[in-house]
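Following: one structure in structure tokens, then a few remarks.
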Amino acid sequence: MEVSQTIRRPHAVAHDAQQLQEYEQARQIVLANPRNASSSLFKKSFIFIPLLGMTLLFWVGLSPSQPSISSTDYRARTDKLLKTTPLIDGHNDLPFLLRMQLDNQIYGDRLPFREKLGSHTDLRRMKEGKLGGQFWSVYIECPDIVHLDDPTHNVRDTLEQIDVAKRFINEYSELHYCDTASCAMKAFGSGSIASMLGVEGLHQAGSSIAVIRQFYDLGVRYITLTHNCDNPFATAASTVTMTGKDGGLTDFGRAGVEEMNRLGMMIDLSHVSHRTMRNVLEISQSPVIFSHTGCYGLAKSFRNAPDDVIVQLKTNGGIIMIYFASKFLDLEHPQNANVETVADHIFHAVGLAGWDHVGIGGDFDGTINIANGINDVSGYPLLMVALMRRGATDEDVRKLAGENMLRVWRQNEIVALRLQKTEGIKPAEDRWEGRVQVPYQGQLPTLIPGY
Ligand SMILES: [Zn+2]
């Protein structure tokens with residue numbers, strides 16, 4: 001069981017340069033020792049083998065006479081490449097099911113996670129699907145309130161979701177909690193499924209940048225700027241669908257984006273309005289993600305990313321992780337959406353931005369309508385096979401599966417290190433201008449006379 005390093009950090013300090021280097025070491029070891037082949041060797045190697053020796057290991061690992069795989073044996077190619085490249089899904093809502101259906105009580109016989117569950121995700125099917133890493137969404141519903149400063153239970157409920165997600169991860173030895181990209185690579189190399197946290201909407205931060213910082217300290221590594229409601233930071237796609245009005249990112253939202261860059265908290269543009277996407281891409285110093293989204297060019301829902309935004313990922317360095325939610329993949333005939341429809345969206349994004357800017361964010365357990373043929377988390381290899389059948393190379397599929405996600409995550413860590421250590425930027429103290437301070441009626445000593 002891993003104890004989060006961030007919990008011991010008093011002020012959300014970025015990782016140091018040495019921690020960043022660990023990623024490359026971990027990657028070389030995984031390449032030399034394919035997953036499941038010698039997981040114990042991985043652990044020993046990681047401690048004792050210096051970087052110089054890894055090059056040797058790399059070649060030794062490749063040299064044994066392994067039976068060659070036919071280029072048209074797509075399943076064998078998929079199985080082989082997913083032994084050295086982690087397949088990382090950007091978004092899974094299982095923690096929300098734990099809340100809504102089990103009241104976050106997960107122990108004993110209440111959650112037969114090693115056996116088959118009725119939903120999309122359990123351990124047996126995760127292994128079948130060759131999953132190497134998962135961002136678990138610690139989502140709570142958008143508030144239905146009149147004024148944005150009205151009190152809500154959002155922060156409390158989000159803390160409960162972070163709590164239940166961590167307890168869930170710790171309960172299963174097959175899962176390994178991670179808050180760095182190097183940890184995810186090491187966990188994968190050890191045969192575990194790296195498990196990370198993402199918050200799905202800044203409504204969960206209680207209109208407070210300080211709360212964003214505390215989420216980072218608790219291990220959250222991406223935040224979606226909105227869910228299906230506006231908040232003081234940004235406009236949601238659903239608002240544009242309902243009203244036709246798109247206010248984009250607010251001034252407070254700009255401060256929030258700058259702080260997320262400074263922290264190394266990845267910015268997720270799923271669910272936000274198109275203007276919000278464009279506003280963020282103008283100012284973000286770090287690559288962004290779409291943790292679960294499709295292409296507006298193929299399905300004209302504002303929930304999907306438009307072509308010009310996907311093109312901009314090339315300069316921003318970010319990724320769009322395509323989902324399997326059929327109602328957004330094919331608006332006219334969602335019941336017909338299948339693995340080929342998902343492949344259509346991936347190839348559309350690739351045509352605009354290239355294989356360096358795509359990923360997978362299934363949205364499993366967050367919707368009942370999943371593309372036909374994929375059905376649940378055991379279905380990822382079917383998608384890889386479909387992509388290869390259309391001409392995707394092993395290198396293309398490796399990028400899509402997880403290399404791109406890890407690159408974006410590492411880049412966020414590197415930018416945070418620069419902003420905090422090199423540029424010495426302090427935590428943002430901006431407040432939403434509509435924020436009301438709870439009054440205090442008693443007498444207090446004067447902190448600064450005359451202020
Ligand atoms: Zn969502």
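The values are calculated or read from the model by the stated rules, or taken from the named source; none is laboratory data. None of these values were measured; they are calculated from a predicted model. Positions of Cβ are backbone-derived with ideal geometry, glycine not excepted, and every protein chain shown enters the neighbour counts.
Data for the structure
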| quantity | calculated |
| --- | --- |
| Residue, farthest from the ligand (Cβ to nearest atom), within region 268-280, restricted to residues that are assigned to a helix (DSSP H, G or I) and surrounded by 21 or more Cβ atoms within 10 Å (Cβ to Cβ) | Asn279 |
| Count of residues meeting criterion [more than 16 Å from the ligand (Cβ to nearest atom) and in contact (Cβ under 8 Å) with a residue 40 or more places away in the chain] in region 87-110 | 6 |
| Qualifying residue in region 302-319 (condition: modelled with pLDDT of 95 or more, under 16 Å from Met384 (Cα atoms), more than 16 Å from the ligand (Cβ to nearest atom) and not in a helix (DSSP H, G or I)) | no |
| Matching residues in region 206-220 - criterion: being more than 16 Å from Lys166 (Cα to Cα), in contact with a Ser or Thr (Cβ under 9 Å, 6 or more places away or on another chain) and at pLDDT 95 or above | Val211 |
| Filter pass, Val220 being farther than 21 Å from Asn261 by Cα, touching a residue at least 40 places away in the same chain (Cβ under 8 Å) and β-branched (Val, Ile, Thr) | no |
| Matching residues, region 144-183, being in a loop (DSSP other than H, G, I, E, B) and either under 22 Å from Arg35 (Cβ atoms) or among the aliphatic types (A, V, I, L, M) (or both) | Ile145, Val146, Leu148, Tyr172, Ser173, Glu174, Cys178, Asp179, Thr180 |
| Val311 vs. criteria buried (at least 19 other Cβ atoms within 10 Å of the Cβ) and among the β-branched types (Val, Ile, Thr) | no |
| From Tyr222, Tyr296, residue being aromatic (Phe, Trp, Tyr) and within 26 Å of Asp330 (Cβ to Cβ) | Tyr296 |
| Scope region 126-139; condition touching a strand residue (DSSP E or B) at 6+ places or on another chain (Cβ under 9 Å) and either farther than 12 Å from Ala184 by Cα or more than 16 Å from the ligand (Cβ to nearest atom) (or both); matching residues | Met126, Lys127, Gly129, Lys130, Leu131, Gly132, Gly133, Trp136, Ser137, Val138, Tyr139 |
| Residue match in region 241-248 (condition: touching a residue at least 12 places away in the same chain (Cβ under 8 Å) and either in contact with a Pro (Cβ under 8 Å, 6 or more places away or on another chain) or in a helix (DSSP H, G or I) (or both)) | yes |
| Test: residue in region 228-241 that is under 14 Å from Asn412 (Cβ atoms) and within 16 Å of the ligand (Cβ to nearest atom) | no |
| Evaluation of Thr84 against (1) within 16 Å of the ligand (Cβ to nearest atom); (2) touching a Pro at 6+ places or on another chain (Cβ under 6 Å) (one fails), failing number | (1) |
| Failed criterion for Val436 (all others in (1) assigned by TED's automatic domain parsing to the domain that holds Ile212; (2) outside any helix (DSSP H, G or I); (3) touching a residue at least 24 places away in the same chain (Cβ under 8 Å) hold) | (1) |
| Residue among Phe324, Phe290 that alone is out of contact with any helix residue (DSSP H, G or I) (no Cβ under 8 Å at 6 or more places or on another chain), aromatic (Phe, Trp, Tyr) and closer than 23 Å to Gly402 by Cα | Phe290 |
| Test: residue in region 252-275 that is in contact with a Cys (Cβ under 7 Å, 6 or more places away or on another chain) and modelled with pLDDT of 95 or more | no |
| Selection within region 218-228 - within 15 Å of Met277 (Cα to Cα) and part of a strand (DSSP E or B) | Ile223, Thr224, His227 |
| Selection count, region 229-240, where residues are in contact with a Ser or Thr (Cβ under 8 Å, 6 or more places away or on another chain) and in a helix (DSSP H, G or I) | 3 |
| Region 285-297 residues that are free of Cβ contacts under 8 Å to residues at least 24 places away in the same chain and assigned by TED's automatic domain parsing to the domain that holds Ser137, paired with ones that are within 16 Å of the ligand (Cβ to nearest atom) and in a loop (DSSP other than H, G, I, E, B) (beta carbon under 9 Å, 6 or more apart) | Tyr296/Phe302; Tyr296/Arg303; Tyr296/Asn304 |
| Residue match in region 174-184 (condition: buried (at least 21 other Cβ atoms within 10 Å of the Cβ), assigned by TED's automatic domain parsing to the domain that holds Ile289, within 24 Å of Ile209 (Cβ to Cβ) and within 16 Å of the ligand (Cβ to nearest atom)) | no |
